[in-house]
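Since every read-out is calculated from the coordinates, none of them should be taken as a lab result. Because the structure is predicted, anything quoted here is derived from the model rather than measured. Cβ placement follows ideal geometry from the backbone for every residue including glycine, while neighbour counts extend to all protein chains displayed.
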Amino acid sequence: MFPERTSPIGAPRTIVIGDVHGCLDELQDLLRACAIDWSADRVVLVGDLVAKGPDSRGVLQLARERKIEAVLGNHDAKVLTFAPDTSATDESHKSSKQHARVARTLHAADWAYLGGLPLYRDLWEVNAVVVHAGLIAGIPLAHQPRDLIINMRSITPEGEPSKRVEAGVPWGSRWPGPRHVVFGHDAVRGLQQHPFATGIDTGCVYGRALTALILPDHRLVSVPARRTYVAI
Ligand SMILES: [Mn+2]
């Protein structure tokens, strides 16, 4: 006789995925590698869904169709400055050509999805928070500065947040918890595993890998990039 099953087959999972940058093939590879169950799993992208890579619109389409959640990344924000209903030009337009090129491929539903991305996702069910770049300790989530939440990488020796890798130590190494923060945006440093923060930008668009952190188990799953799309 087989024992009667008394517990559910699997607890619901939250799968947080690093910077996709238009790498639709690798996103699908990674979802398969995670044995995604669309009826049970929650999927959250850490932002920078678009730009640099081959199929930004395809990534947005998959995200919409599969009800994948995400937070706003700095490249998503740059593309949004080209939205049809925006007159805002407050962002740096340093790389505006490639962002304008992405903008021209987007349809109304893509703009609605991109324009609706929040700065953070509070995954209370697994005691975690997802942001694109970083958080400043001691400031409530809702009051974190937008520019830093999508751009910061380091804490300087003086304790100030900085966008530059070489300006100091990884911000996550100083994050005191207790909430676990999952973030991307730092492909130079790559995978970061701090006590209360995990960085999962492993540089897929630069030819390295796309990485997922599966919660609540804190299990990492990666798939290799199919090719190098841009130089870092
Ligand atoms: Mn970024």
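Mind counting lysine pairs for me in the chain? Cα separation below 23 Å, and the two need to be 8 or more apart along the chain or on different chains.
Pairs that pass both the separation and distance tests number 10.
On a C-alpha basis, how far is the centre of the range 40-56 from the centre of the range 201-232 in Å? Whole number, if you could?
After rounding, the separation between the Cα centres reads 11 Å.
Using +1 at the C-beta of Lys and Arg and -1 at the C-beta of Asp and Glu, which of 148, 71, 103 has the Cα lying farthest in the positive direction of the dipole of the chain?
The one lying farthest along the dipole's positive direction is 103.
Given a Förster distance of 35 angstrom, what is the FRET efficiency for residue 173 paired with residue 228, based on the Cβ-Cβ distance and rounded to 0.05?
FRET efficiency, residue 173 to residue 228: 0.75.
Along the Cα→Cβ direction, 7 angstrom out, place labels at residue 109 and residue 40. What is the inter-label distance in nm?
Rounded to a tenth, the inter-label distance reads 2.8 nm.
For the chain, just say rounded, prolate or oblate: build the C-alpha gyration tensor, square-root its eigenvalues into a ≥ b ≥ c, call rounded for a/c under 1.5, and beyond that prolate if a/b exceeds b/c, oblate if not.
Oblate shape, in that a/c is at least 1.5 and b/c is the bigger or equal ratio.
DSSP beta bridges in the chain, what fraction antiparallel, as a percent rounded to 5?
Percent antiparallel among DSSP bridges in the chain is about 65.
To check you understand DSSP bridge types, tell me what percent of the beta bridges within the range 180-232 (both residues inside) are antiparallel, rounded to 5.
75 percent
Run the helix sum for the chain: -39,500 (n - 2.57) per DSSP H stretch of 4+ residues, divided by residue count, reported at 222 nm to the nearest 500 deg cm²/dmol.
-5500 deg cm²/dmol
Treat the range 117-229 as a sphere of radius equal to its Kirkwood radius over Cα pairs and apply Stokes-Einstein at 4 °C in a medium of 1.567 mPa s; give the translational diffusion coefficient in µm²/s, rounded to a whole number.
In µm²/s, the coefficient is 90.
Multiplying the sequence separation of residue 221 and residue 83 by 0.36 nm and subtracting their Cα-Cα distance, what value in nm do you get?
Taking residue 221 through residue 83 to full extension adds about 46.3 nm, to one decimal.
Just in the range 136-167: which trypsin sites (Lys or Arg not before Pro) are loop by DSSP and have at most 15 other Cβ atoms within 10 Å?
Passing both the DSSP loop test and the Cβ count: 164.
Rank 33, 63, 128 by mean-square fluctuation in a GNM of the chain with C-alpha springs under 10 angstrom and give only the top-ranked residue.
Of 33, 63, 128, the Gaussian network model singles out 33 as fluctuating most.
In nm, what is the difference between 0.36 nm times the number of residues separating residue 65 and residue 189 and their Cα-Cα distance?
Answer, rounded to one decimal: 41.4 nm.
Just to be sure I follow the definition: excluding the sites themselves, where is the longest run in the chain that has none of the GluC sites (Glu not before Pro) in a DSSP loop with at most 11 other Cβ atoms within 10 Å?
Value returned for the longest uninterrupted segment is 5-157.
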